[in-house]
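Undergrad: Sharing a structure below in structure tokens format, with a few things to ask.
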Amino acid sequence: MKNPKHLIRPFLRKLGRDLVVYSPTHHPMARQAKLLDTYKIDLVLDIGANTGQYAQELRELGYKSNIVCFEPMLAAYTQLKQWAEQDEKTLVVNSAVGDFDGEIEFNLAANSVSSSILDILPSHTDVAPDSKITNKETVTIIRLDSVFDKYCTAEQNI
């Protein structure tokens, strides 16, 4: 008798899906969940959180501790803030994180997730045309040291 996985997998692949083993040795999300548990992580700093994709993924993995999300772009921050209002252990900060406190010009990409303080390289836009910079926005930036001083304690596993 043929293994059921060998019957299901070709069908799923035609639909653009796959069947994989969900274990720390085979699946990146399972590995991440295992690391969070093994090291007893009780605070995640999500720098460049965009609309909260990573924080939401952590919750799907079963992570129940605190998350501080930093997002400088106003549009993405607004969406992230709406999601975080339903999650009492997620704090959202409208700021970039860097090596100084102040303001900085932020490059806004058409696809949002490629937006950055850094310039987008031509090699990037060659393979992902929707990463092209379409606008700029002046955003607040805080030093990483300031983040640790304000949002973290020495007792936390970050």
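Read-outs throughout are calculated quantities, based only on the coordinates presented, and are distinct from any laboratory measurement. It should be emphasised that the depicted structure is a prediction, and the values quoted were computed from it without experimental measurement. Here Cβ is always computed from backbone atoms with ideal geometry, including for glycine, and neighbour counts include all displayed protein chains.
Undergrad: Hey, got the Cα dimensions of region 5-45 along the principal axes, in Å, largest first?
TA: Extents along the principal axes: 40, 19, 9 Å.
Undergrad: Still on this model: When all C-alpha to C-alpha distances in the chain are sorted into bins of 5 Å, what percent of pairs does each bin hold, rounded to whole numbers?
TA: That works out to 2, 8, 14, 14, 15, 15, 13, 9, 5, 3, 1, 1, 0, 0, in percent per bin.
Undergrad: Determine ³J(HN,Hα), in whole Hz, for all residues of region 7-21 in sequence, where each value follows from phi through the Karplus function 6.51 cos²θ - 1.76 cosθ + 1.60 and θ = phi - 60°; x replaces Gly and Pro.
TA: Computed from phi, the couplings for region 7-21 are 8, 7, 4, x, 5, 5, 5, 5, 8, x, 10, 8, 10, 10, 6 Hz.
Undergrad: Now, a different point. Convex hull over the Cα atoms of region 23-64, averaged projected area in nm²? Intermediate results must be reported in sequence, preceding the final value.
TA: Details: hull surface 12.3 nm².
If I average the Cα hull's projected area over directions, I get 3.1 nm².
Undergrad: Quick one: which residues, 5+ away or cross-chain, put their amide H under 5 Å from the amide H of V93? H built at 1.01 Å from N.
TA: C69, F70, E71
Undergrad: Here is a follow-up. What three numbers, in Å, describe the spread of the alpha carbons of region 32-105 along their principal axes, ordered from the longest?
TA: 38, 27, 17
Undergrad: Mind checking the angle between helix 28-38 and the chain's longest principal axis? C-alpha axes, 0 to 90 degrees, to the nearest 10.
TA: On a 0 to 90 degree scale, this one is about 70.
Undergrad: May I pose another question? In debye to the nearest 20, how big a dipole does the chain give about its Cα centre with +1 on each Lys and Arg Cβ and -1 on each Asp and Glu Cβ? Show your work: numbers first, answer last.
TA: Numbers: 17 positive and 21 negative charges, 268 e Å.
For this selection, approximately 1280 debye.
Undergrad: Mind giving me the nanometre distance, one decimal, between the label points for K64 and I41, set 7 Å out from Cα along Cα→Cβ?
TA: Taking the two extended label points, one gets 1.8 nm.
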